[in-house]
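Below: one structure, written as structure tokens.
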Amino acid sequence: MAQPRLYKRVRPSGQMGRTATIIVDPKTPVINCNVVDYSAGGACLEVYGTKLPSRFELVYGSTRKRCRVVWNKGIRFGVTF
């Protein structure tokens, strides 16, 4: 049985674009990704051709969040803030 969502998820539109940047380490190159949906508690990201570590920082618009991967299915990753 599915758990009820704690936060309402929204699809990016309007002023917030669909692209975000992942920072793994200050010395490594950044990783570009697409934001599928976003909420106060987490997000769903699409990352192509790169394996993500379990923890990283996500820069989306003017916000910068520390993230932890909680699930993945192919190129989609669910993260919590």
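The values are calculated or read from the model by the stated rules, or taken from the named source; none is laboratory data. It should be emphasised that the depicted structure is a prediction, and the values quoted were computed from it without experimental measurement. A quick note on method: Cβ atoms are made from the backbone with ideal geometry, for glycine too, and the neighbour counts reach across all protein chains shown.
Quick notes on this structure:
- Each residue in region 27-45 was checked for being in a loop (DSSP other than H, G, I, E, B) and either modelled with pLDDT of 90 or more or among the charged types (D, E, K, R) (or both), and 4 pass.
- Residues in region 72-81 that are without any contact (Cβ under 8 Å) to a residue 24 or more places away in the chain and either of a type in the set (Gly, Ala, Ser) or surrounded by 12 or more Cβ atoms within 10 Å (Cβ to Cβ) (or both): 72, 74.
- Subset tally (residues that are loosely packed, with under 15 Cβ neighbours inside 10 Å and not in a loop (DSSP other than H, G, I, E, B)) for region 50-71: 8
- Total residues in region 2-23, condition part of a loop (DSSP other than H, G, I, E, B) and either at pLDDT 95 or above or touching an Asp or Glu at 6+ places or on another chain (Cβ under 7 Å) (or both): 2
- Residue list for region 31-49, restricted to those being over 14 Å from residue 78 (Cα atoms) and either in contact with a Gly (Cβ under 9 Å, 6 or more places away or on another chain) or surrounded by 13 or more Cβ atoms within 10 Å (Cβ to Cβ) (or both): 31
- Taken together, the residues in region 39-61 that are more than 18 Å from residue 26 (Cα to Cα) and either among the polar types (S, T, N, Q) or more than 10 Å from the chain's Cα centre (by Cα) (or both) amount to 6.
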